[in-house]
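Notes follow once the structure below has been shown.
The values are calculated or read from the model by the stated rules, or taken from the named source; none is laboratory data. Owing to the predicted nature of the structure, the values given are computational and were not obtained by experimental measurement. Virtual Cβ from ideal backbone geometry, glycine too; neighbours counted across all protein chains shown.
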Amino acid sequence: MKEQQSKPAVERLPNGRIAKGSTANPGGRPKALREIEAMLNAEHRTVANMREVFATVKMLALRGEKGDSGYLKLYLERVLGPVKDIEIDLTDAPPEVLAYLRSLN
């Protein structure tokens, strides 16, 4: 029977986060995963294949009234990237703008 190797304890801060300079994965990404990713890149993530995939998703997203909003979201997030929260300083905004923004909630 093979003995199980115990992993070294990861140094954690009092709040449970991993301490700076410590890692929960000291061995890095497993070699098998790197090989699988390399295979996927070589076989499927080509420019021609990605163009074909995006064309299909775009066609499904924009099918007139029968279009699927899920495909549209997928297409836009892949083309434009996911929407990120931004902070806007509204201290100098006119009262009309603030009232409009409050009405949206």
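Across region 26-64, the qualifying residues are those that are exposed (fewer than 10 other Cβ atoms within 10 Å of the Cβ) and over 24 Å from LEU74 (Cα atoms), and the one among them that is nearest to the chain's Cα centre (by Cα) is ARG29. Just wondering, is there one or more residues in region 5-14 that are modelled with pLDDT of 75 or more and within 22 Å of the chain's Cα centre (by Cα)? No, region 5-14 contains no residue that is modelled with pLDDT of 75 or more and within 22 Å of the chain's Cα centre (by Cα). Taken over region 14-24, the criterion of being surrounded by 10 or more Cβ atoms within 10 Å (Cβ to Cβ) and either touching a helix residue (DSSP H, G or I) at 6+ places or on another chain (Cβ under 6 Å) or in a loop (DSSP other than H, G, I, E, B) (or both) is satisfied by ALA19, SER22, THR23. Report yes if some residue within region 66-76 is among the basic types (Lys, Arg) and either touching a residue at least 40 places away in the same chain (Cβ under 8 Å) or in a loop (DSSP other than H, G, I, E, B) (or both); otherwise report no. Within region 66-76, none of the residues are among the basic types (Lys, Arg) and either touching a residue at least 40 places away in the same chain (Cβ under 8 Å) or in a loop (DSSP other than H, G, I, E, B) (or both).
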